[in-house]
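Since the structure comes first, as structure tokens, the remarks are kept for the end.
The values are calculated or read from the model by the stated rules, or taken from the named source; none is laboratory data. Here the structure is a predicted model, which means the values were calculated and not measured. A quick note on method: Cβ atoms are made from the backbone with ideal geometry, for glycine too, and the neighbour counts reach across all protein chains shown.
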């Protein structure tokens, strides 16, 4: 099921870019595959996820991202530093593929390569993706979620102005019941 307002751009192939002071959020290129696979194989980058990804899994993830863009008119943008052109990861919007009390929904998410942490890039890029989601896409609400110990991502959600009600926290259905990362915190933001 697609959240209200999330499917209205499906007839348009999105080829635009989002620009911030320091970053370019753009569609994926074939040259992104190798650095993305290297990033997804890094245990530190993947610390709060179930496991690092193989090259095949990483490539399949990009393929799903591109299909999401084509089907919904928004997605997880490849992010590069404007001055150097360096690929640093992704930031953007996606529709969660699982059922929970808050779905259907659109999530803002990010994954940046470890050398680029601590520069405010995730917050800067997420602000641009959220503005695009509320503006061009016309979303009414955007959510974000992570495991409670992922303090860096929680800090980004708070800097973005998202709010958390502990009653919204949930058991992620795609995480095994016995896994310590099954419990997730949920943050929300309504359109201005």
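For residues in region 66-83 being part of a loop (DSSP other than H, G, I, E, B) and out of contact with any strand residue (DSSP E or B) (no Cβ under 9 Å at 6 or more places or on another chain), which is farthest from residue 133 (Cα to Cα)? Step through it out loud before you land on a result.
Initial filter on region 66-83 (part of a loop (DSSP other than H, G, I, E, B)): 73-75, 82-83.
Still in the list and also out of contact with any strand residue (DSSP E or B) (no Cβ under 9 Å at 6 or more places or on another chain): 73, 83.
Details: 73: 10, 83: 25 Å.
Ranking the qualifying residues of region 66-83, first place goes to 83.
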Original post:
Quick one: how many residues across region 84-97 are in a loop (DSSP other than H, G, I, E, B) and in contact with a strand residue (DSSP E or B) (Cβ under 9 Å, 6 or more places away or on another chain)?
Top reply: 4
**OP:** Output the residues belonging to region 174-192 that are part of a strand (DSSP E or B) and surrounded by 15 or more Cβ atoms within 10 Å (Cβ to Cβ).
**Re:** 184, 185, 186, 187, 188, 189
**OP:** Mind listing whichever residues of region 41-67 are buried (at least 19 other Cβ atoms within 10 Å of the Cβ) and within 19 Å of residue 125 (Cα to Cα)?
**Re:** 45, 62, 65
Original post:
Does residue 75 satisfy being at pLDDT 95 or above, in contact with a helix residue (DSSP H, G or I) (Cβ under 6 Å, 6 or more places away or on another chain) and buried (at least 19 other Cβ atoms within 10 Å of the Cβ)?
Top reply: yes
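Quick check on my filter: what residues within region 98-116 are more than 21 Å from residue 184 (Cβ to Cβ) and either modelled with pLDDT under 95 or part of a loop (DSSP other than H, G, I, E, B) (or both)?
113
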Subject >> region 130-173, residues that are crowded, with 17+ Cβ neighbours inside 10 Å and assigned to a helix (DSSP H, G or I) >> reply: 130, 132, 133, 134, 137, 153, 154, 156, 157, 168
Original post:
Any residue in region 27-46 that is in a loop (DSSP other than H, G, I, E, B), over 14 Å from residue 112 (Cα atoms) and either out of contact with any strand residue (DSSP E or B) (no Cβ under 8 Å at 6 or more places or on another chain) or without any contact (Cβ under 8 Å) to a residue 12 or more places away in the chain (or both)?
Top reply: no
